[in-house]
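Engineer: My structure is below; once you've seen it, I'll send some questions.
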Amino acid sequence: MGKFSYMRLKGSQNLRLRLLLSTLSSTPILIEDIRADATWPGLRPYEVSFLRLLEKVSDDCVVEINETGTKLKYKPGIVMSGRHLVHDCGTSRSIGYFLEPLVVLGLFGKKPLSIRLKGITNDSKDPSVDTFRSATIPMLKQFGVPSEGLDLKIESRGVPPHGGGEVILSVPIVDSLKAITWIDEGMVKRIRGFTFSTRVSSQFENTMIHAARGIFNRLLPDVHIFTDHKAGEQAGKSPGYGISLYAETTSGCVISVDTAVSYARGEDEGELEDEKELSPPGDVGEEIASALLGEIEQGGVVDSTHQGLLFLLCALCPQDVSKVRVGKLAPYAIEVLRHIRDFLGVKFVIKPDPSTETVILKCVGCGLKNLSRKYN
Amino acid sequence: TSSRQNINLMQLVYGKPASKTSNEMKESSDEESEDDEFFKPKGEGSKKSKEGVNDNDVDLDDCSKFLKKSHKDWRNEDLIASIRDRFVTGDWSKASLRNQLSEGT
């Protein structure tokens, strides 16, 4: 191992992003001080799970963790992918946490990827599987990813604390992405969405939809929100409900928001807080509808949640100029920009557009090619 | 002023390396008496990280989802009017203007 030069990093921040960029750029990394001062030091179960997932989809990757889990050595291998893979994401973070990096890795794999992911499909912390279907996949297509073979199938749903959801992710491989100029936001032509309920009355869904529609009523008639009540096996192991909404514009942009309501995870039980009442479905529907209007108001071709992925895809493009428009830069997106610079050497030109209060970003891609071609 | 704004955004993102300053902070806190460090009440750590939700937190939570609690009342007529032209039900010429103006940037 000694012959490699490692990029030295500190702290647990953006671990999944660092591992992703490390793999894409074939840069071994050494991370120290991972929650060294925390009551429970070291890597969290979901981070370990993500490392296991990386091992599963790649050949020759080496993961070394010290006893306390505060130090991690990672030497990326070759992303092989393959069909009929299975991974249990655990219940400490939702499947959304794993989907984001995995879909990018899959594009640059040796074979197309098809993997069954088990765990939590909807929660309040990570983008839901519905958002992935409605917003993330269309965004990938903007970069020239073929729609054939790109899919996320929801087999069953699961919410915190016990999960029990299952999805099947399929990702095709690409030679390279396609640089884009994407600054036309267009106008919102329709609003769509999904609600779900697991182990609670389906009436919760109708209440959420009614409340959400009330907010959109005076802006747009074309609003359809579909219900997805799950029962039995397909409902996972915990009670919960949630809603994800997205707005489609005339120029093909998708702006999305989502949330879910359920009882707290096991790790939070130690806290003094008693079991909190779940927030009522009417409030949830209204809140999420308002959040969607907030995202539309701030402008941009993607929502705040997707900014980071948008920048990453731009940076991975061939050496052409990409130009995109977003609303206010989200904190996570800023972290992504910094890591892109460190790993890929791509620096964006960031200019505010005062007339619309949006931000225009430009970059020249790093010219990433699918590495597997080398070995063919 | 617009050029100054450019620099600010670029500085906001790329201005200073992210993880350096927090190390300095840690070293200075080590100088405090050992006892205080040893008897740290449970939950102190999380409290600290809550205060320091900024660029320098090396253990920042890894979350792409960004859901602002909108404190605006979207039933308000003025507020609705402010985004009406972003919908196909609004004024199309104004909406296209929005995209034209910015082609130059």
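The values are calculated or read from the model by the stated rules, or taken from the named source; none is laboratory data. A quick note: this is a predicted structure, and the numbers were derived from the prediction, not measured. No Cβ is skipped: glycine too gets one built from the backbone with ideal geometry, and neighbour counts run over all protein chains shown. Keep in mind that these areas ignore ligands, DNA and RNA; they rest on the heavy atoms of the full protein, side chains included. Shrake-Rupley method; radii C 1.70, N 1.55, O 1.52, S 1.80 Å.
Engineer: From (1) in contact with a Lys or Arg (Cβ under 8 Å, 6 or more places away or on another chain); (2) on the phi < 0 side of the Ramachandran plot, pick out the condition that doesn't hold for A:Gly82.
Structural biologist: The single condition A:Gly82 does not satisfy is (2).
Engineer: Something else about it: Among the candidates A:Lys125, A:Lys141, which residue alone is basic (Lys, Arg) and part of a loop (DSSP other than H, G, I, E, B)?
Structural biologist: Being basic (Lys, Arg) and part of a loop (DSSP other than H, G, I, E, B) holds for just one of A:Lys125, A:Lys141, which is A:Lys125.
Engineer: Something else: Picking from A:Leu102, A:Leu85, which residue would you name as being modelled with pLDDT of 95 or more, over 17 Å from B:Leu67 (Cβ atoms) and open to solvent by 10 Å² or more (accessible area, probe 1.4 Å)?
Structural biologist: A:Leu85
Engineer: A further question follows. Give me the residue from segment A:172-224 that is away from chain B (no Cβ under 14 Å) and assigned to a helix (DSSP H, G or I) and, out of that set, most open to solvent (accessible area, probe 1.4 Å).
Structural biologist: In this case the residue turns out to be A:His210.
Engineer: Collect the residues in segment A:31-55 that are of a type in the set (A, V, I, L, M) and open to solvent by 10 Å² or more (accessible area, probe 1.4 Å), keeping them in residue-number order.
Structural biologist: Result: A:Ala36, A:Ala38, A:Leu43, A:Val48.
Engineer: I've got another one for you. For segment A:272-329, which positions are within 30 Å of A:Ser201 (Cα to Cα), of a type in the set (Ser, Thr, Tyr) and more than 9 Å from every other protein chain (Cβ to nearest Cβ)?
Structural biologist: A:Ser279
Engineer: Exactly one of (1) outside any loop (DSSP other than H, G, I, E, B); (2) in contact with a helix residue (DSSP H, G or I) (Cβ under 9 Å, 6 or more places away or on another chain) is unmet by A:Ala38. Its number?
Structural biologist: A:Ala38 satisfies all of (1) outside any loop (DSSP other than H, G, I, E, B); (2) in contact with a helix residue (DSSP H, G or I) (Cβ under 9 Å, 6 or more places away or on another chain) except (1).
Engineer: Related question: For segment A:124-142, check the following and say yes or no: at least one residue is more than 23 Å from A:Leu312 (Cβ to Cβ), away from chain B (no Cβ under 14 Å), modelled with pLDDT of 95 or more and crowded, with 18+ Cβ neighbours inside 10 Å.
Structural biologist: No, the conditions are met nowhere in segment A:124-142.
Engineer: Here's another thing I want to ask about it. Among residues belonging to segment B:72-81 that are more than 7 Å from chain A (Cβ to nearest Cβ) and outside any loop (DSSP other than H, G, I, E, B), point out the one that is farthest from the chain's Cα centre (by Cα).
Structural biologist: B:Glu77
Engineer: Given the condition within 21 Å of A:Pro127 (Cβ to Cβ) and surrounded by fewer than 22 Cβ atoms within 10 Å (Cβ to Cβ), answer yes or no: does some residue in segment A:303-326 qualify?
Structural biologist: no
Listed here are the residues, each with its yes/no results for (1) in contact (Cβ under 8 Å) with a residue 60 or more places away in the chain; (2) closer than 28 Å to A:Ala333 by Cβ.
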| position | (1), (2) |
| --- | --- |
| A:Ser81 | yes, yes |
| A:Asp88 | no, no |
| A:Ser124 | yes, yes |
| A:Asp130 | yes, yes |
| A:Lys141 | no, yes |
| A:Lys153 | no, no |
| A:Val171 | yes, yes |
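Engineer: Please tell me if A:Val48 is in a strand (DSSP E or B) and free of Cβ contacts under 8 Å to residues at least 60 places away in the same chain.
Structural biologist: Criteria not met by A:Val48.
Engineer: When you go through (1) modelled with pLDDT under 95; (2) open to solvent by 70 Å² or more (accessible area, probe 1.4 Å); (3) farther than 20 Å from A:Pro76 by Cβ one by one for A:Lys347, which number turns out not to apply?
Structural biologist: Tallying (1) modelled with pLDDT under 95; (2) open to solvent by 70 Å² or more (accessible area, probe 1.4 Å); (3) farther than 20 Å from A:Pro76 by Cβ, A:Lys347 fails exactly one: (1).
Engineer: Additional query: List every residue pair whose Cβ atoms sit under 6 Å apart, with the two residues 6 or more apart in sequence or on different chains, where the first one lies in segment A:351-366 and is more than 9 Å from chain B (Cβ to nearest Cβ) and the second, anywhere, is of a type in the set (Ser, Thr, Tyr).
Structural biologist: A:Cys363/A:Ser322
Engineer: Filter segment B:82-105 down to residues that are assigned to a helix (DSSP H, G or I), modelled with pLDDT of 80 or more and hydrophobic (A, V, I, L, M, F, W, C) and give me whichever is nearest to A:Leu309 (Cα to Cα).
Structural biologist: Going through the qualifying residues, I end up with B:Ile83.
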